[in-house]
Every structure is written in structure tokens, then in C-alpha cells.
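Below is one structure; the comments refer to it alone.
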Amino acid sequence: MAETRLPQDLALAAAARAERARGARVAWSLLAASPTTLLGLGLVLLLILTALLAPFIAPYPDDATKPVLHIRDRLKPPSWAHPFGTDELGKDILSRVVFGARVTIEIVLRVVGLAMLIGVPLGAMAGFLGGWVSTVLLRLTDVFLALPGLVLSIAIVMLLGPSLSHAMLALALVWWPGYARLTQGQVLSLKQEGFVEAARCVGVSPSRIIFDHILRNAVTPLIVKASLDMGYAILAAAGLGYIGLGAQPPTPEWGVMISKGRNYLADQWWYTVFPGLAIFLSVLGFNLLGDGFRDMLDPNAHGR
Amino acid sequence: MLRRYLLRQLVAMLPTLVGITLLTFIISHVAPADPVRFAAGPHATQEQVEQLKRYFGVDQPLHLQYLNYLRGLLGGDWGRSIRSKQPVLADLARYFPASLELVGAAIFLAVLLGVPLGVVSALRRNSLVDNLARVVAVAGVALPAFWLGLLLQLTLAFQWQLFPAVGRYSPELGRPAAITGIYTLDALLNGNWTAFSDTLRHLALPAFTLAVNPLATITRMTRASMLEVLSRDYIKTARASGLAPWTVITKYALKNAMIPTTTMIGLNVGWLLAGSFLVEAVFSWPGIGLYTVESSFYSDFQPIMGSTLVIGLTFLLVNLAVEALYGLLDPRIRYG
Amino acid sequence: MKGVFQRWLSAAALAVMVLLGIGLGGASENILDVYSLVDIPNIDPGTTLDGIGSETVRNLYDPLLREVGEEQPIPWLAESYEVSPDARVWTFHLRPGVTFHDGSPVNAEAVRFTFNRFLTMNQGGVAFIFGPVMDLNSVQVIDDLTVQITLTRPFGPFLKAIPLVFIVNPQVVLAHEVNGDLGAAWLAQNEAGSGPFVIKDWQPGQLYEFTRYDNYWQGWEGPHLQGVRWRVTREASTRLAAIRSGQADRIDWMTADDWLALQGDTYGDPQNFGPQNNLYHIKLNNQQVLADGVTPGPLQDKLVRQAMSYAFDYEALVQAAAQGFGRQPQGPIARTMPFHDDNLLIYARDLERARSLLAQAGWSDSNGNGIVDKDLNGDGQPEPLEIDFVFVSGLDLYEQVGLIFQASLAEVGIHVNVIGSPWANIVGQQAAGPAEAWDSYYVTTAPEFNDPHAALFPEYHSSNAGSWVYGDFYNNPQVDQLLEEGVASADEARRGEIYQQVQRMLVDDAAEIFALEVDNFAQDIFARDVCGEKFVPGPNAWFWYGIYFCSLAS
């Protein structure tokens, strides 16, 4: 690929790379200076580690992955044998919370990933081409934004049948317009920037301009939005789980666990508290991280 | 200028609204559900189900059903619920004001707390206050709303009996005479202070629970835009010219910084109308979110379509109002 | 800045003071506060039969005879009745002086109107029960207080079913007719009855208030409620907290766990939680076909269904769902039902038996993956014994049943996929026929009246294809014929023989898994101060007229 590049193009790319490298160094120093962002990073890392090491941490992996019952141990309070207590079928809640980290990461990546996969190219296209493409996209996103996301999600899940992957698909279908709008806006403003004009003048192809120049520079707000959305994805999946349209049994999904446990809120507090805490810390992590990113990458916000 | 712009935007809404009805119609008909048979009960014969389908007009081909629906919409007939046989418009007149009250109160709380918190965070950037505000705001979002609601209900309403646990009013005191359907407002209009206090107390817990999420976004948004505005030259000039810091902040900085915040508020109104259903379920608040979700569960087509349309329309109108507000906040903005 | 904060603070303090300033409303008077999971979408006595609508109907309207859980229904609007020797002509003599809520008299014409209304509307509900044996000429007005019903053919459970017909006020109904709907839309949320209570306020999705009808013909001597408040309360933990804090006098849809947690505080009258006619079934699609649409599925094989019946862990279900306050059923109807066969085979859990039945049916674990398999479509590739179980999304008890089903069948090498789906979808898919229907699902049935016809006919007679209670798609011409004979006969001894034979055939065929029979305690939990009325298994609903507060009675 590289040999087909024009010299001017190479120079531009090099400049952009240098800019990014400087950006990364600045970012790290800013990160180190912001305790809340560090906390967010730590929480997200904790989530990832838990997911990776789940089989080694969980005392009873079968309770989280296999159809088993321990009716005699149902709803036992926390003890040495079951540090987080047991649920209404006698399953170990600690094991389920630990394995739930895997499910959570899957939700987060698939919902946000899919929404970006649909939204970003559409938004970029609309922003770059303008004209009727942009009008059509605007109207379409209008419809999706004005339509209550919940109705859409429920309808999709009712059509395809309740399951975690359908719930994730539904959420992605509800969320893509956000990414399309954001990308389109970024592309519109970047189109006017000098380095894009320069690339266009020297005859770089439109698709290369979109991918090499514009999207790379539009990535910052996308990262911020994505990291915040990752937190919301966990909550949205929990909301669908609450009405029985999310993960199906026996998948150890935190949202489903706390929505089931809410029937036992008064007398079996441990059932909701531990998965609730897990959700809380994960969403907190993604949000603090996203918030920190936004702060770091916002050029206006540097210094006072 | 503004009037012509708004008119044009209103006309441009029409295709969006038609798009909403079409999309809702399609998605509510593709599920393999059979709401009529459900309504007919477990023992209905095929013949009885057919009879009921004729009653509701759902025996016709789909495209005719859709056209009939659109024609009905224009004529003020929004169809009927299959489950309760009640006209959708009458249902909406009941559920929508309840939602407006709840969402309005939640947004009000969120702005009341969020804007000052955001301003302080921006002014004392990276201070203890800023970091604390950030953690508190973000922590609020990180709790699933239904869980937070249940916890508040169990403690504040049942344990300490500070607030009523469920519903919109105390039946012992009676319901304020309906004018708008927004009970707190109705009580005020009637000059009925007992009812006002009673309905306000019923509103408190659900509104607070619902406010937590927008509170976080509004705080963060206000902080970010304040930071941006504060770095502008005209603020520096104003400060340098010796204006009182308080005047600079409220008169110049905050006003300009409110534009993104206002946008955020507008978007939130739309999201909360349907998204509040979890909170509505916990506090037995008969809002449109719950109405929509329960109708969806039974594939009760026309209530789904009616409520989606109302929510969509509110969303569009609120955002149009937000755009109109931009002009007030920043006179330089022109509506082209 | 500081000044602003102070202003904010004082505003906030003021708000809190306004909110807390006025104490809670006066303690509840002589009114029963019901905190219920369920909303009341339809109270038209001509179209609603099941669930909560019917409890409301029972208290707003009066029937000719009332079911009180005794051998026969007792006289109510009808003082007495006679029947012809062939059991086809029934004559009812109405009680004089009874008035509807608008003051107009309850007369023979009202009875005729009531029957003809639901027969004409023909929208399920009671029309299902009486439609096959009546036409528009069946009810004749003899005089103002005498009405004669002539059946088109004998109907064995007629007397048991009469309490389901609630007499409506013709003038009020016709005054609210729209487009010839016989008042269907209006009556769905309003009433035109003569019962002990009237609607005071109707706030759908939220709060329904009922109050006494002062001129009720039974009078209000002795202890009675002044009214009932029905609050829709969707969260179980809210309802639990409401009865604990004394705000609720009755809550419903609770679990055995809740009941045990409350045991010390609540109404401990044992008649409140005696046996009932409800039965919990795991329906098995007896006409299951594989994905190709033609190959008979494993559930068509009686041996496989028997193996499942032996493998299911009934004890776990009794523990999980009922904390021990229940038992494995004996056959397809509850033990409390008339004509129950006490000698029926019970499939007690026996894994060895289950495995040998599977082996006998040709199933073995040929690839060693723990799931038995068999070549069903003759393509040389064995199909694993794998079935889907669907439960109603959000109903945790149903989901638990699925997980128990899954875990207990796994022990004999049968794989069960547990899937949740919204109720309306399940209903739609069952209506689409055996090829589209689910392999298995869990349903509770509560017969509308205390006769095996009400329990057996809808569930096992092949004419019910399309209804979700006919989830087995059980198609046995002999059973069909027996069920038809049973309902058409007025000879009690003969009916007994017929229904016992049907029970034996259903058990031998293992038409489904007869999963659980549970005592009525969890459906409704009353506060300790609530006295009176005992639970009647037939209607599965409470008659508020008989309920009162113990503390107000003395």
C-alpha cells in the first residue's frame, strides 16, 4: 500500500503520526494527574482481570455455567462456604458474579462495537458526501432518535425471541444514530480543516481521505462517547433483563441477577447487593474513564 | 425570522412522524404474537377469536389496517386497546400527564442541582469539590434506577414513613379535580393546598430517582461548557475590566455555557418519557412508559403506536423549543 | 458565591419542609387496602372469566346461584329452581325486591338479556361454556320473577357453571351501547350490577376504589367492610413492605418464601390456605415435529414422555416453589376435584426407570457427550434428545420450574433449552399449530368451576387446538368421545366412571408432566386483623361482602 502513496501524502501522514504521539504523551501525563480517571482505569482493569481469571477465582464454576440445582442450599446468607450467599436455586452468588464479568464485557464490546460499526461509516459517508445522502440519513436518525429506544428494543426482542445476543443487537440498533450524528458532525467540521483541503488538492482519493485523515482525527470524541456508552450498555442490558428480555437462564448476567433478587430485597439483601455492586463499580469505571478522556482530549480544557 | 424557521421545522416534522408510525406499525406486527386470542381468554374457540378480530378490525390486510390507522389519526380516532377495549386517546389523556409531571419534576430537580454543581466544578477545576462532584454524579448514573428506587422506597417510605410509597395521591384525601391531569398543577389551580402537598409528596421519591441520571449528565455537560467559555477572550476581558466575578459568571459565562446543557435537557425529556418505566413500575406511577411497555408485552398494537407517536412528537417539539431557546441564550445565533 | 449557596440551601430546606410538613393521611378506616400485582383491564362479566377481572365482577354483580365451596351452589338472586327429569329445562324463581345499583329491579328480563348478550357477542368468556348448549331462544321469561332456560342438549355441569353468569342491568348497558357493541367497551371499565359493592373511582394502572351499595338486598347488618381500595403495585418487595408496615391489608402473587417470612404477622387462619383446584402443568407437545416439518419429534413417543415423568424432580419443585406447602399431583386434576381417581398411578421420581424407558424407546448416548440420541429421520445421523422449554418472561417462578426441569432431565441424558418469551408471543405460537408450537412449557390452570369438565375439556379435547391451555396437542379420539359424553350426561354415577377413565388414560399416556399441586397461601396474604370469608376453590376469588376487620367486629 505504502508505495502507491504520494510523497505529499506521506508527509501529511507523518505529521499526523507525530501529532498523535505527542498527544499520547500528553494524555498519559494528564491521566496520571487525574485521580478519578485513574480510579476509572483501575476499575475497568479489575473487570477485565476478573473476566480473564474467572475459572480460578470462582469457588463453584459449575454454578455459573451449568444447569445445576442445590435446592437445599437456597437463599443462604453469606458464609465462608458462600461469601456472597446463594440464590433461590442454591447457586453460589460469588461464582455467578465473577463469571458475570465475562458476560458484561461481551455486552459492552458487542453493543458499542456494533453501534459504531453501523453508525460511523454511515455518518462519515453522509458528512463527506453531503447533499441528499446527508438529508436521508438525518431524517432516518430523526425517526430513530424520536422513537423510544425501549419500544424498539422490546419489539426486536419480541420478534427474534428473548436472548442476550438479541438484546445486544437491539441495543446496538437503537444506539447507532448517536454515532452516525457524531461522526457526521466531526466530518463536516474536519472537512474544512487545512490538512484535509491539502490532501484533496494533491489528489488523494475520497475514501482514503475519509479513512486516513478524517476518521483518524474524529476518533477522539468517538472514544469518549464509546467509553461512556459502555457503562450505559451495562445498565440498558440490566433494564431489559428486568423485564425478562435480556440474558436467559442460566447465564450469570448481573442485571438479571439483581432483577430476580429484587423480589428478595427485604429479607435476602445479599442477592441484589453483590451483583448490584458489580454493576455499580463497572459502570463507574467506564464513566470515570470516559469522563477523564473527555477532559484530557478537549483542547479547550487544558489549563485555565 | 425565528417564526419562519420554526414553521419550516414543524412542517419538516411530518415525514419524521409518518416514519415513526410506519416503523412502529411494522415492528409491532412482526412479532408472532396474537393479542386478540390473548384477550379472548384461554377457552375461546377459533370462531370466537375471528369474531373479536372483526370487532377490532384486525382481520383486514396489513396495508389497509395501516391506512385506516392513519385516516383515524387525522380524524381524532387513535384506535382501541385490545386488552381493555378503551380508546387509545382516552388512555393517553390519562397516562401522558402523569409522565409529564414525573419527567418535568425530575428534569427540574436535575437542573436545580446539576447546573450549580457543574459551575462550581468548572470554577474549582480538579479541586476536591470537582472530584467529589464527579464521583457523586457518575455514581448516581451507575446504579440501576429500579434498584435505587426500591431502596429509597424501602427505607424512606416504609421504614421511616417520610414519603408515600406508591401512587400519585392519597385516596383518603381524594384526587384533585382534573384540569390538566398533572395533579400538582391541578391542586395549585384549585387552590387546594392539602392536595398540593399530598401530590408533591407522592411525586418526591419517583422524581428524585428519575433525576439521578440526568443530574449526572447535566452536571458534566455544564462543567465542560463552562470550562470552554471561561477560556474565551471576552470572559478574560470582562474579568480584567474589573467586573464582579459573580456578574461575569452569571451574566456572561453561564448564559453561553447553557447552550449544550439545554440541548442535553431537551434530549433527556424524550428519553425519560419512555425510559422512566422502571421507576414508574417501582412507584406504581401510571405513566406513559409503563403503558407503552405493558402494551408491547401484549402486542397491543394501537396503544403502542399511539404512545410512541406522542413520545416522538414530544421529543421533536421539545428539541425545537430548545433550538428556539438558543437564540435567547446567544443572540448571535441566526435561524437560517 | 457564598450568598448563592445560602439561597440554594434555604430553598432546598423550604422544599423539604413543605414535603414533610404534613403528616400521613388518617389511618385507614373500615376499608380493605389491597396491594395487587395485577391491573384490572376488563370487568365485563360477558367477556371476562379468568383472573382479577373476575374477582371484581364477583363483587359488583350477583349470579343466580353462588358458589361457596359446598356440594352445590347456594340460592342467590334465584330463591329456588326446578329441573326437568331430562335435565334440559331449568326454571329459576327470582328473589323479589332486589335492585340494581341504579334502583331498577332485578327481573326475569334482565336474566334473559344477560344470557343473550354474551351469546350474541360470542367473545370467549362464559360464551365458551354455554355457547354449545344454548341458543338465543333458550331463555324464556315466564313472568316478572320466573325465568326458564331450555338447553339444546343435556349439560352435566350446568348447575356448577351457573354461578359464572352475572346478571347485568339491561337499561344501563343499552344506554352505553356504541356501534351495536352491546356496551362492550363501556362495560369493560364500568359496571351495571346489583352486587354488594359499586365503583367509587377508576384509575387504570394505578388505583381502583370500591364502596358499599347501601341498598344491597342482603343488608349490612353485622361486621362488613365499608369499601375496598385496589392499588396496582408491581414490585413484590413493595407489596411485602406494604403489608409489613400495615399499609396493606392484603397482598397477592407472593412466593412461599414471602409467606414464611410473614407467618408470624399475618392472618393465620388455616382455611385461608387450604388445598385448591389449581394445577401446575409442564405441557409437552404430543404432536411435536422436527425442524424439517415432517419427522415426528421425540415427544410423540409415549415412552419418552413417561421417562420424562419419572425423571422430573417433583420434590425440588415443591421445595423451590412452595417451600413444602404442596405435593406432586395425582393425575390431571387436583385431588379436591369431584370424581378424582384416588388410585391413579403417580410417577414417583425413579431415574433408573426413566433410563430404561429411554433405552426401550431406542435412545442411547452413542457419542458419549452425555445426551442420548437416536436416528429419527433415517439419515444415518442420530439426533440428540433436545427439547425447548419456554416460560413467560419475567415470571420468576416459571423460570425456576424450567431450571428444575432442565437439571432433572439432564440426569437421564435429555437436554432442555430454557427460553423466556412474552406471554402474547407464546399464545400466538401455540395458536399456530403443533409444528410452530413450543416443545414444552409451564402453565397453571384454575378451573372456572368445581367440575372435571372445566379442568379436562379445555386441556385435552382436540377441538381446543389453538388455545394455549391445549398445549399438549393431545389427540386421542377415545378421550374426545368420553369428554363429550361426560359433559352431556346428567347422570352423576356415569359421569364419575367417564372422568376416572379419562384420568387413567391421560396418566398412562403421560400426556404431560403433572408437576405440582399447591396450597393456596401465596396467592393472597392477609393482614392479621382481617377476618371472615374463607377461600373458595371453585371461583378462585374472594367475596368482599364476607370479609371484615376483626378489631371492628367486637
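The values are calculated or read from the model by the stated rules, or taken from the named source; none is laboratory data. Source: prediction; values computed, not measured. Every residue, glycine as well, gets a Cβ built from its backbone with ideal geometry; the counts of neighbours run over all protein chains shown. With ligands, DNA and RNA removed, areas are computed over all heavy atoms of the protein, side chains included. Shrake-Rupley method; radii C 1.70, N 1.55, O 1.52, S 1.80 Å.
How would you classify the stretch C:89-191 from its alpha-carbon gyration tensor, with a ≥ b ≥ c the square roots of the eigenvalues: rounded for a/c under 1.5, else prolate if a/b is greater than b/c, otherwise oblate?
Oblate, because a/c is 1.5 or more while a/b does not exceed b/c.
Which parts of the stretch B:168-209 would a label at C:Ser551 reach, counting a residue when its backbone N lies under 18 Å from a point 7 Å out along Cα-to-Cβ?
Those under the cut-off are B:172.
Can you spot the lysines whose alpha carbon is less than 28 Å from A:Lys191's alpha carbon? Ignore those fewer than 8 places along the same chain.
Answer for A:Lys191, where 28 Å is the Cα cut-off: A:Lys225, listed by chain and number.
Computed FRET efficiency, Cβ-Cβ of A:Arg200 and A:Ala81, R0 60 Å: what is it to the nearest 0.05?
0.30
Per Stokes-Einstein, at 10 °C and 1.306 mPa s, what whole-number D in µm² s⁻¹ belongs to the stretch C:368-436, with the Kirkwood radius over Cα pairs as the hydrodynamic radius?
Once the numbers are plugged in, D ends up at 117 µm²/s.
Just how far, in whole angstrom, is the stretch C:396-432 from the stretch C:462-536 if you go by their alpha carbon centroids?
What the calculation gives is 22 Å, centre to centre.
Run the helix sum for chain B: -39,500 (n - 2.57) per DSSP H stretch of 4+ residues, divided by residue count, reported at 222 nm to the nearest 500 deg cm²/dmol.
Estimated from H runs of four or more residues: -23500 deg cm²/dmol.
Going 7 Å from the Cα of B:Arg239 toward and past its Cβ, which residues in the stretch B:109-140 have a backbone nitrogen under 13 Å from where you end up?
B:122-125
Using modelled amide H (1.01 Å from N, peptide plane; none on Pro or chain starts), what sits under 5 Å from the amide H of C:Phe549, excluding residues fewer than 5 places away?
Under 5 Å from the amide H of C:Phe549 lie the amide H atoms of C:Cys531, each far enough along the sequence or on another chain.
Counting only residues 5 or more places away or on other chains, whose amide H sits under 5 Å from the amide H of C:Asp388 once H atoms are built in the peptide plane?
Under 5 Å from the amide H of C:Asp388 lie the amide H atoms of C:Asn417, C:Asp439, C:Ser440, each far enough along the sequence or on another chain.
Give me the lysines in straight-line cross-link reach of C:Lys160: C-alpha distance below 22 Å, same-chain residues under 8 apart excluded.
Excluding near neighbours in sequence, the set is C:Lys534.
What translational diffusion coefficient, in µm²/s and rounded to a whole number, does the Stokes-Einstein relation yield for the protein assembly as shown at 25 °C and a viscosity of 0.890 mPa s, taking the hydrodynamic radius as the Kirkwood radius over Cα pairs?
Once the numbers are plugged in, D ends up at 75 µm²/s.
Using the Cα gyration tensor of chain C, with a ≥ b ≥ c the square roots of its eigenvalues, what is the shape: rounded (a/c below 1.5), prolate (a/b larger than b/c) or oblate (neither)?
The shape class here is oblate.
Considering only C-alpha atoms, what is the centroid distance from the stretch B:264-336 to the stretch B:203-223, in Å?
Using only Cα atoms to place each centre, the spacing works out to 16 Å.
Give me D for the stretch C:231-373 in µm² s⁻¹, whole number, from Stokes-Einstein with Rh from the Kirkwood sum over alpha-carbon pairs, 20 °C and 1.002 mPa s.
So the translational diffusion coefficient is about 113 µm²/s.
Kindly work out what percent of the DSSP beta bridges joining two residues of chain C are antiparallel, to the nearest 5.
75 percent
Apply the Karplus curve 6.51 cos²θ - 1.76 cosθ + 1.60, θ = phi - 60°, to the phi angles in the stretch A:182-188 and return the couplings in whole Hz, x for Gly and Pro.
Karplus-based 3J(HN,Hα) across the stretch A:182-188 equals 4, 5, 4, x, 4, 4, 4 Hz.
Say each of C:Asp135 and A:Leu49 gets a label point 7 Å from the Cα, pointing the same way as Cα to Cβ; how far apart are those two points in nm?
8.2 nm
Gain in length, A:Phe56 to A:Leu138, computed as 0.36 nm per residue apart minus the alpha-carbon separation, to one decimal in nm?
24.6 nm
How far apart, in nm, are two points set 7 Å out from the Cα along the Cα-to-Cβ line at C:Glu485 and at C:Asn179?
4.7 nm
R0 = 45 Å: FRET efficiency of C:Ser80 with B:Ala321, Cβ-based, nearest 0.05?
Working from the Cβ atoms, E equals 0.05.
Taking the Cα centre of the stretch B:89-329 as the origin, how large is its charge dipole in debye, to the nearest 20, when only Lys and Arg (+1) and Asp and Glu (-1) carry charge on their Cβ atoms?
1060 debye
Restricting to DSSP H runs of at least four residues, report the calculated mean residue ellipticity at 222 nm for chain C, -39500 (n - 2.57) per run over all residues, nearest 500 deg cm²/dmol.
Calculated mean residue ellipticity at 222 nm is -9000 deg cm²/dmol.
Please list 3J(HN,Hα) in residue order for the stretch C:427-440, calculated via the Karplus relation 6.51 cos²θ - 1.76 cosθ + 1.60 where θ = phi - 60°; whole Hz, with x for glycine and proline.
Taking θ as phi minus 60°, the curve returns 4, x, 5, 5, 5, 7, x, x, 6, 8, 5, 6, 5, 7 Hz for the stretch C:427-440.
At 7 Å along Cα-to-Cβ for each site, give me the label-to-label distance between A:Leu281 and C:Thr295 in nm.
A separation of 4.8 nm, rounded to one decimal place.
Mean 1/r over all different Cα pairs, inverted: what Kirkwood radius does the stretch C:21-179 give, in Å?
17.1 Å
Taking N as the number of residues in the stretch B:89-329, what value does Rg over Cα atoms divided by 2.2 N^0.38 Å take?
1.13
With runs of 4+ DSSP H residues as the only contributors, calculate the mean residue ellipticity of chain A at 222 nm using -39,500 (n - 2.57) per run, divided by the residue total and rounded to the nearest 500.
Mean residue ellipticity, 222 nm, calculated: -24500 deg cm²/dmol.
Alpha carbons only, please: Rg and Dmax for the stretch B:2-74, in angstrom.
When restricted to the Cα atoms of the stretch B:2-74, Rg and Dmax are 17.6, 60 Å.
Report the accessible area of C:His415, computed with a 1.4 Å probe over the heavy atoms of all protein chains in place, in Å² rounded to the nearest 10.
The accessible area of C:His415 comes to roughly 60 Å².
Classify the stretch C:51-116 as rounded, prolate or oblate from the Cα gyration tensor: take a ≥ b ≥ c as the square roots of its eigenvalues, call it rounded if a/c is under 1.5, otherwise prolate when a/b beats b/c and oblate if not.
oblate
Where the only charges are on Cβ atoms (+1 Lys, Arg; -1 Asp, Glu), what is the dipole of the stretch A:83-192 about its Cα centre, to the nearest 20 debye?
Dipole about the Cα centre, nearest 20: 340 debye.
Amide H of C:Ser489: which non-local residues (sequence gap of 5 or more, or other chain) have their own amide H closer than 5 Å, using H built in the peptide plane?
C:Gly156
Which percent of Cα pairs goes in each bin when the distances of the stretch C:446-525 are cut into 5 angstrom slices starting at zero?
Pairs per bin, as whole percents: 3, 14, 23, 25, 18, 9, 6, 2, 0.
Which one of B:Leu188, B:Pro260, B:Thr199 has its Cα pushed farthest toward the positive end of the charge dipole of the stretch B:89-329, where Lys and Arg give +1 and Asp and Glu give -1 at the Cβ?
B:Pro260
Averaged over its residues, how many other protein chain Cβ atoms are within 10 Å of peptide C:199-209's Cβ atoms?
Across C:199-209, the average partner-chain Cβ count within 10 Å equals 5.
What is the distance in Å between the Cα centres of the stretch C:237-258 and the stretch C:55-77?
That distance is 28 Å.
Output wanted: per-residue J couplings in Hz (rounded whole) for the stretch C:446-451, from phi through Karplus 6.51 cos²θ - 1.76 cosθ + 1.60, θ = phi - 60°, x for Gly and Pro.
Per residue, the Karplus-derived 3J(HN,Hα) values read 10, x, 5, 9, 7, 8 Hz.
Could you compute the FRET efficiency for B:Leu173 and C:Ala359, with r as their C-beta to C-beta distance and R0 at 56 Å, rounded to 0.05?
0.20
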